[in-house]
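The values are calculated or read from the model by the stated rules, or taken from the named source; none is laboratory data. What you see is a predicted model, and the numbers here were worked out from it, not measured in a lab. Methodologically, a virtual Cβ is constructed for each residue, glycine included, from the backbone with ideal geometry; neighbour enumeration extends over all protein chains shown.
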Amino acid sequence: MEDIAKEYTQKKESKVKHLLSNVSTTQVIIFGGLAFVAIMLSNNKNADPRLNYVIYAVFIIIILVLLFKPSKEKVLLPEHIVKRIAQEALDRKVRDGKEFGFDSKVEVSPYCHLQWENDMMTGNIRPIAWDIGYIEHVHNSQYKKEGVIRIHPFEGTIIGLSEYPLGYSGRETHDKDIVPVGVVQGNVKTTDFGNGQPTN
């Protein structure tokens, strides 16, 4: 399942975008300094021409390191990719025969929800999981069971499996709010955030 996520991430990231995401301000200044030195040496007839080759080699090494350095920017997996990951994981679980019987057919349902985490103190919001609905059909029976398989939104790893006896439509999954302790205790208002007010 992680291979599907990795394959999608690699296709999504262009080499130019990957390179730019790894370049810091300090590295831009170093690039500029090296370029300036190279220009000055090329204009100086008394300078050893081998120094230019050294500078060009340093340029190439820096570019290669930045090009193959892992990107800091994470790629959010889209719905069709996580559904594919979910189906493969469910098929494997049927083959294992632990969570589902060998005679079951388990398929991904059309319903899913990207769960977000909202930090009310900092105002940061980030995706934390894809909830993908599934339906289990037992062979030669009318028995049907529904549930949710939870997938990491960036890595594609399986982080949970839950049964929903009343069915799953996507509305059952709720986003997660992180509320500061002071708000729960009642001594801080939400309008005080960012005004230097104590939170506990």
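Restricting attention to segment 74-117, the residues being assigned to a strand (DSSP E or B) and among the β-branched types (Val, Ile, Thr) number 2. Just one of the listed residues (GLY123, GLY156) is part of a loop (DSSP other than H, G, I, E, B), surrounded by 20 or more Cβ atoms within 10 Å (Cβ to Cβ) and at positive phi, and it is GLY156. Within segment 130-141, one or more residues are touching a His at 6+ places or on another chain (Cβ under 7 Å) and closer than 12 Å to LYS83 by Cα.
The rows are residues; the columns are (1) of a type in the set (D, E, K, R); (2) without any contact (Cβ under 8 Å) to a residue 60 or more places away in the chain.
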| residue | (1), (2) |
| --- | --- |
| GLU99 | yes, no |
| PHE102 | no, yes |
| SER109 | no, yes |
| MET120 | no, no |
| ILE125 | no, yes |
| ILE135 | no, yes |
| HIS139 | no, yes |
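Okay, residues lined up against (1) more than 28 Å from LEU77 (Cβ to Cβ); (2) modelled with pLDDT under 90:
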| site | (1), (2) |
| --- | --- |
| GLN115 | no, no |
| ASN124 | no, yes |
| ALA129 | no, no |
| SER162 | no, no |
| GLY194 | yes, yes |
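Number of residues in segment 163-175 that are in contact with a strand residue (DSSP E or B) (Cβ under 6 Å, 6 or more places away or on another chain) and surrounded by fewer than 14 Cβ atoms within 10 Å (Cβ to Cβ): the value is 2.
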